[in-house]
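Worksheet for the structure shown next.
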Amino acid sequence: MLAGVASKLSISIVGPGRLGQALAENLVGAGYAVGEIVFPSVRSLRKNRRNLSRRLWNRATVIDQARFDADLVWLCVPDGRIQKAAQNLRSVTKWKNKVVFHSSGALTSDALQPLRKQGASVASAHPLMSFVHGSQPDLKNVPFALEGDPAAVRMARQIIKSLGGDAFVVRKQDKTRYHAWGTLLSPLLLSFMVAAEQVARATGISAKDARKRMIPITRQTLSNYASIGPAGAFSGPLVRGDAAVVREHLEALKGIPEAHAVYIASARAALRHLPVRNRKQLEKLLKG
């Protein structure tokens, strides 16, 4: 069934940045007819075309030459440009019976209202994944948060299933909380790791060595979290209720303000949501 959907559905990708290129590669690999990969200008095309794989080269075009005759137009432009792009695309083709996605985690499908008014069925389809220069993740097993018109959401579900991803629906009123969740999972997780790196550097360990030495314990912690849950994976002085050690940690971190603040915030979350002993004494310590 899904193979049939892939063979019949045509797709245009608008805004081939890191996310757009990853989507295009995965969609073509799954058998979809990605007819156009639309760059905003000739200059942008020339600058970024070298980043496209050979099998995507002949699909690259610029917005003034794009046909927009695909069944699905997938906008992968930055959040601040989505609504403007929707406005600008209103007159480039007939939108009735077409589907349009954007991939913002923060914005709802209402950012595509100009095209919805022209007859398109619209949705937001956001992959809960990090896309950075020098790394192009496979979309297999990647969760996609969906929100929008029923027909567009149904199409998104089919596509994501064929990519091996995991589609789930987020209510419109919950999109900002969803995006905050994703921000905690990747960029702010990195900020946590950088804070830990600063503590390692204060002990005389170089940043390079700190990163190398943090990976095994971090991987094992995530593996434990996935296999036995947060309570079972939780270890260290808080779970033991060792207030004396926590007090020493706080004193030692006073000279590293960001790490000190991260430690306190994380420990307070642990007191609220994870199994700890000696809770009252620990709460008193962490008030300061």
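The values are calculated or read from the model by the stated rules, or taken from the named source; none is laboratory data. Predicted model, so just to flag it, every value in this text is computed and none were measured. Don't worry about glycine lacking a Cβ; one is built from the backbone with ideal geometry, like all the others, and counts go over all protein chains shown.
Results for (1) hydroxyl-bearing (S, T, Y); (2) under 27 Å from V276 (Cβ atoms); (3) not assigned by TED's automatic domain parsing to the domain that holds E251, shown as yes or no for each residue.
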site	(1), (2), (3)
V132	no, no, yes
S135	yes, no, yes
P143	no, no, yes
H179	no, no, yes
I205	no, no, no
T218	yes, yes, no
S223	yes, yes, no
G236	no, yes, no
Check: Going by the structure shown, is Y225 assigned to a helix (DSSP H, G or I), touching a Gly at 6+ places or on another chain (Cβ under 8 Å) and hydroxyl-bearing (S, T, Y)?
Finding: no
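Answer yes or no as to whether V153 is assigned by TED's automatic domain parsing to the domain that holds Y32, buried (at least 23 other Cβ atoms within 10 Å of the Cβ) and among the hydrophobic types (A, V, I, L, M, F, W, C). Give the steps one after another, and end with the answer.
Values: assigned by TED's automatic domain parsing to the domain that holds Y32: yes; buried (at least 23 other Cβ atoms within 10 Å of the Cβ): no; among the hydrophobic types (A, V, I, L, M, F, W, C): yes.
It is false that V153 is assigned by TED's automatic domain parsing to the domain that holds Y32, buried (at least 23 other Cβ atoms within 10 Å of the Cβ) and among the hydrophobic types (A, V, I, L, M, F, W, C).
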Item checked: Sole residue being under 19 Å from A24 (Cβ atoms), surrounded by 13 or more Cβ atoms within 10 Å (Cβ to Cβ) and in the same structural domain as G31 (by TED's automatic domain parsing), chosen from G164, G148 -> G164
Item checked: Qualifying positions in region 197-207 - modelled with pLDDT of 95 or more and assigned to a helix (DSSP H, G or I) -> E197, Q198, V199, A200, R201, A202
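Quick grid of which residues meet (1) hydroxyl-bearing (S, T, Y); (2) surrounded by fewer than 16 Cβ atoms within 10 Å (Cβ to Cβ):
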residue: V169; (1), (2): no, yes
residue: V199; (1), (2): no, no
residue: T221; (1), (2): yes, yes
residue: E251; (1), (2): no, yes
Check: Got at least one residue in region 159-182 being more than 20 Å from the chain's Cα centre (by Cα) and free of Cβ contacts under 8 Å to residues at least 60 places away in the same chain?
Finding: no
Margin query: If the requirement is being within 18 Å of L19 (Cβ to Cβ) and loosely packed, with under 15 Cβ neighbours inside 10 Å, which of these qualifies: V132, V77, V92, V73?
Written below: V132
Notebook entry, point to check: Which pairs have Cβ atoms under 9 Å, sit 6 or more apart or on different chains, and link a residue in region 17-29 that is closer than 15 Å to V142 by Cα to one that is at pLDDT 90 or above and in a helix (DSSP H, G or I)?
Noted result: L27/I159; L27/S162
Note to self: If a residue must be part of a helix (DSSP H, G or I), in contact (Cβ under 8 Å) with a residue 24 or more places away in the chain and either more than 20 Å from A231 (Cβ to Cβ) or polar (S, T, N, Q) (or both), how many such residues does region 265-288 contain?
What the structure shows: 3
Item checked: Any pair with Cβ under 8 angstrom, 6 or more apart, that starts in region 248-264 at a residue that is in the same structural domain as Q198 (by TED's automatic domain parsing) and under 9 Å from A202 (Cβ atoms) and ends at one that is part of a helix (DSSP H, G or I) and of a type in the set (S, T, N, Q) -> I256/Q198; A259/Q198
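A quick yes/no check of all residues on (1) modelled with pLDDT of 95 or more; (2) closer than 20 Å to L189 by Cβ; (3) not polar (S, T, N, Q):
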site	(1), (2), (3)
P230	yes, yes, yes
A233	yes, yes, yes
G241	yes, no, yes
L253	yes, yes, yes
K287	no, no, yes
Next item on the list: Answer yes or no as to whether I63 is of a type outside the set (S, T, N, Q) and at pLDDT below 95.
Entry: yes
Item checked: Hits in region 228-243 - residues which are part of a helix (DSSP H, G or I) and over 24 Å from G204 (Cα atoms) -> I228, G229, P230, A231, G232, A233, L238, V239, R240, A243
Margin query: Against the definition (assigned to a helix (DSSP H, G or I), under 23 Å from N278 (Cα atoms) and of a type in the set (D, E, K, R)), how does E248 come out, yes or no?
Written below: yes
